[in-house]
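Here is the structure we will look at.
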Amino acid sequence: MRYFGASLPTIDKSTTLSTTDLKRRGLLALDFHIGVFNWRTFSATYIFEIVDDNLKRIVLQYTDKDGFISYAIDIVATPTNLGHGKRWYFRCPATGTRCLNLIKPIGSKYFLHRSAFPQMIYSKQKWSKAERQVMGLTNLFEIEKLEEEQRRKYKKTHYRGKPTPLNRKIKKKYAKLEKALEILEGGALPFQE
């Protein structure tokens, strides 16, 4: 049986702005920069500026179905737990939440933290338990990768008579795979209605 929220919008299909992308583009190291972000659905012009050492601001400008939209998003820094360098976070314009990703769902005007959209869920939350088990069949490649790692030189399957953590992980994945195969052998796929 499907999850009751099968028709709810998902976070996975939303346009995302992440601090990882900013770092990859080298924007967090710059003092001032103007450029364009391109997504599949639309593009946005941005102005990136430094307010002070621990605060930067990005001004997004784009045209939506409602017209021209322009707003600022603060990017704040905190020291890392090791004390080397800084970790950058967005400050959500609506909720004030410190976050790594901002999303813009279809029909929304702004990039905001996911808590600003309480009706949204992740696509995996729509799957039933049986569907998740069948989807476990896609983990075959992951199991092969783990087994290759175990076969590497000096890797052991047991230490002092007990299985190693890697060996336990492989056995657990095989158990999940066997359950999924039993469901498939039962005849009907669980996600058919």
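At q = 0.07, 0.13 Å⁻¹, what log₁₀ I(q)/I(0) does a Debye calculation on the Cα points of the chain give, no solvent, two decimals?
Debye output, listed in q order: -0.36, -0.92.
In a shell of Cβ-Cβ distance under 12 Å around Pro79, excluding Pro79 itself, what net charge do Lys and Arg (+1) and Asp and Glu (-1) give?
Its environment carries a net charge of +1.
Can you give the angle from 0 to 90° between the axis of helix 165-185 and the longest principal axis of the chain, with both taken from C-alpha atoms, to the nearest 10?
Between helix and principal axis, roughly 80 degrees.
The numbers here are math on the coordinates, done by the rules we state, and not lab data. These numbers come from a predicted model, not from an experiment. For neighbour counting, all protein chains shown are included, and Cβ atoms are generated from backbone atoms with ideal geometry for every residue, glycine included.
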